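Below is one structure, written out as structure tokens; the observations come after it.
The values are calculated or read from the model by the stated rules, or taken from the named source; none is laboratory data. All of these numbers come straight from a predicted model, not from anything done at the bench. All Cβ positions, even for glycine, are placed from backbone atoms using ideal geometry, and neighbour counts span all protein chains on display. The accessibility values were calculated without ligands, DNA or RNA, using every heavy atom of the protein model including side chains. Shrake-Rupley method; radii C 1.70, N 1.55, O 1.52, S 1.80 Å.
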Amino acid sequence: MDYLTHIAVMTCLYVILTSSFNLLIGYAGLFALAHAGFFAVGAYTTAILSVNYGLPFPIPMLAGAVLTAGVGAFIALPALRTSGHYLVIITIAFQVILLAFLLNMKDLTGGADGITGIERVSIFGYELTTAAQFLPLALAMAALCFWICWRVANSPFGRALRAMRENEAATEGVGKNILYMKVTVFMVGSALAAVAGSLYARYITFVGVDTFGIDETISILAMVILGGMANLRGSILGAVILVLLPELLKFLELPPDIADKSREIIYGLLLIIILRVRPQGILPE
């Protein structure tokens with residue numbers, strides 16, 4: 001039962017990550033591959049403020065969201081003049097720099113050892129020590145973050161984002177402020193990713209650089225593409241499928257010496273088949 005509850009908690013965290021990432025790449029058309037970096041900033045901010053300063057929940061989470069929103073605004077600045085593969089390179093470079101910073105600032109971040117002993121969430125003196133106790137909080141935060149993304153996507157601002165995605169010059173020509181739109185969507189997306197990072201840090205009680213590599217961003221991207229870009233319900237579906245699928249493959253009876261690699265091959269083939277059948281995602285825009 002604890003195993004299933006743990007999977008449910010992780011699914012909730014990935015729903016937050018995929019929904020916020022979908023705002024950037026699905027609705028705004030900003031192909032920014034730095035979401036795991038935003039995830040990391042939220043996690044490390046919570047870890048540092050919790051372990052070093054003993055700040056209680058939810059202060060570190062709010063501080064992480066504000067800090068990461070500022071980082072997102074900073075990343076948005078080069079995005080104002082670039083797009084496509086140039087933006088991909090810029091955001092990957094940001095993540096590489098961030099990971100190098102986390103590795104080398106040992107006094108602050110613990111370096112390669114990470115930060116351990118992060119305090120668990122305590123609400124009115126009740127400490128959430130198990131996955132079952134943490135799950136209601138994860139569900140509530142996932143619902144809140146999804147609602148924020150939904151409100152943004154279905155507002156006039158969200159429609160302007162889709163127009164900007166299709167044609168920036170035309171959108172600017174009808175009076176929309178492209179600078180404001182890009183900075184705002186970066187800030188919202190990065191702040192929500194930081195919320196997932198904060199919850200992750202509190203739940204696992206450990207943060208390390210290996211968790212937030214480029215491969216993590218690619219995993220989140222795969223969830224968004226599989227579920228359907230510019231479709232927030234698709235983000236939920238993509239997160240559920242790609243969190244559950246690796247776990248379900250563990251129940252396949254395979255020779256022990258090739259089990260891990262075989263599961264990875266099957267996992268990749270299933271993704272290829274699904275996207276060949278539905279290249280627009282399971283729930284398209």
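Just a few scattered comments:
- Within the listed set L221, L23, L144, the residue fluctuating most in the Gaussian network model of the chain (springs between alpha-carbon atoms under 10 angstrom) is L144.
- Separation of alpha-carbon centers, region 206-285 and region 82-141, rounded to whole Å: 21
- Extreme residue, positive dipole direction of the chain, given options A43, I272, L161 (C-beta unit charges): L161
- This model, with +1 at the C-beta of Lys and Arg and -1 at the C-beta of Asp and Glu, gives the chain a dipole about its Cα centre of some 880 debye.
- Largest-first ordering by accessible area, 1.4 Å probe, given options K106, K250: K106, K250
- In the context of the full set of protein chains, region 143-285 has a per residue accessible area of 51 Å² (1.4 Å probe).
- Among 225-231, 174-180, 279-285, the order from most to least packed when residues are scored by Cβ within 10 Å on average: 225-231, 279-285, 174-180
- Residue-normalised accessible area of region 30-128, given per residue in Å² at a 1.4 Å probe: 49
- For the pair S155 and R81, the difference between a 0.36 nm per residue extended length and the Cα-Cα distance amounts to 24.1 nm.
- By average C-beta atoms within 10 angstrom, highest first, the peptides 90-98, 51-59, 7-15: 7-15, 90-98, 51-59
- Most to least packed among 232-241, 209-218, 268-277 [average Cβ atoms within 10 Å]: 232-241, 209-218, 268-277
- Quotient of Cα Rg and 2.2 N^0.38 Å for region 84-146, N being how many residues it contains: 1.65
- The relative contact order of the chain, computed from alpha carbon pairs under 8 Å that lie at least 6 residues apart in sequence, is 35 percent.
- Additional length obtainable on full extension of the chain from F251 to A112, 0.36 nm per residue less Cα span: 46.8 nm
- The fraction of accessible area contributed by carbon and sulfur in region 143-285 is 65 percent, rounded to a whole number (1.4 Å probe; ligands and nucleic acids excluded).
- Charge tally in the Cβ shell below 12 Å around L128, where Lys, Arg are +1 and Asp, Glu are -1, L128 excluded: 0
- Remark: region 148-240 carries a charge dipole of roughly 420 debye about the Cα centre, counting +1 on each Lys and Arg Cβ and -1 on each Asp and Glu Cβ.
- Hydrophobic long helices, here whole DSSP H runs in the chain with Kyte-Doolittle means of at least 0.5 and Cα atoms spread over 18 Å or more along the helix axis, are found at 2-22, 35-51, 59-79, 84-104, 131-153, 178-204, 214-227, 232-249, 259-277.
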